[in-house]
Amino acid sequence: GTIRTTEIRQIAAAQNISPGAGYYLAAMRGPITDADKAALASCGAEIVEYIPDSAFVIHIEHSRVATVKKLACVEWVGLFNAEYKSSKPFAAGRGQYIVTLFPGQNADHVLAKLKTPRLGGSLALPGKVLRVLADKSQLSELAKSSAVAWIEPYVQPQLCNNAAGVISEIPGMRDDLG
């Protein structure tokens, strides 16, 4: 959805930012160049992910955010809030969800906060992507975690191309050509 930077600026002014580092959304002015990326890096920002259109999720020390805000190539910078971590509101009731963590985050720590049963014995998938069974309140708490990058409903994979070989006569061709 649309991020209303004016409202967020007012909220951010009232927030007390703790010491340490965090994840921020940095909206850039126009098309992004290599010079823009270098300017972010020179302020101590690590670019984590590109967000369409012309924005990045960055990881940076809270004390250095003011420096990033002063860059000519930056339109706006704000905390990467829980509301940005899902494309739609969480459904009522329990359901299966995919939770993607930021790089270097501890999946066991995130799962301990969730306090929900593991699915299929092993919950952690490669690349710090978790499949969880959770309700709306648990997902809301997960979204507040600085370790969590994205949450989306789990969609059961479906076999969609199981007849292509027969239709294109590939088995017959394999028999004839070896």
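I'd like to verify a number: residues in the stretch 22-59 that are within 11 Å of Phe80 (Cβ to Cβ) and of a type outside the set (Gly, Ala, Ser), how many?
Residues flagged as within 11 Å of Phe80 (Cβ to Cβ) and of a type outside the set (Gly, Ala, Ser) within the stretch 22-59 amount to 10.
Identify all residues within the stretch 1-23 that are at pLDDT 65 or above and either at positive phi or open to solvent by less than 60 Å² (accessible area, probe 1.4 Å) (or both); write none if there are none. Working first, answer last.
First, the residues of the stretch 1-23 that are at pLDDT 65 or above: 19-23.
Scanning the stretch 1-23 gives Gly20, Ala21, Gly22, Tyr23.
Considering each residue of the stretch 129-141, count those that are within 14 Å of the chain's Cα centre (by Cα) and open to solvent by 10 Å² or more (accessible area, probe 1.4 Å), and give that number.
Result for the stretch 129-141: 1.
Please report, ordered by residue number, the strands (runs of 3 or more DSSP E) entirely within the stretch 24-116 with at least 1 residues that are free of Cβ contacts under 8 Å to residues at least 24 places away in the same chain and open to solvent by 90 Å² or more (accessible area, probe 1.4 Å). If you could, list the steps in order and put the result at the bottom.
Details: elements: 46-51, 55-61, 74-79, 95-101.
Ranges flagged: 46-51.
Provide a single number: the residues in the stretch 128-163 that are part of a strand (DSSP E or B) and not aliphatic (A, V, I, L, M).
4
Looking at this structure, is Gly172 at pLDDT below 85, part of a helix (DSSP H, G or I) and not aliphatic (A, V, I, L, M)?
Criteria met by Gly172.
The values are calculated or read from the model by the stated rules, or taken from the named source; none is laboratory data. All values derive from a computational prediction rather than experimental measurement. Please note: Cβ atoms are built from the backbone with ideal geometry, for glycine as well, and neighbour counts cover all protein chains shown. Ligands, DNA and RNA are excluded from the accessible area calculation, which covers all protein heavy atoms including side chains. Shrake-Rupley method; radii C 1.70, N 1.55, O 1.52, S 1.80 Å.
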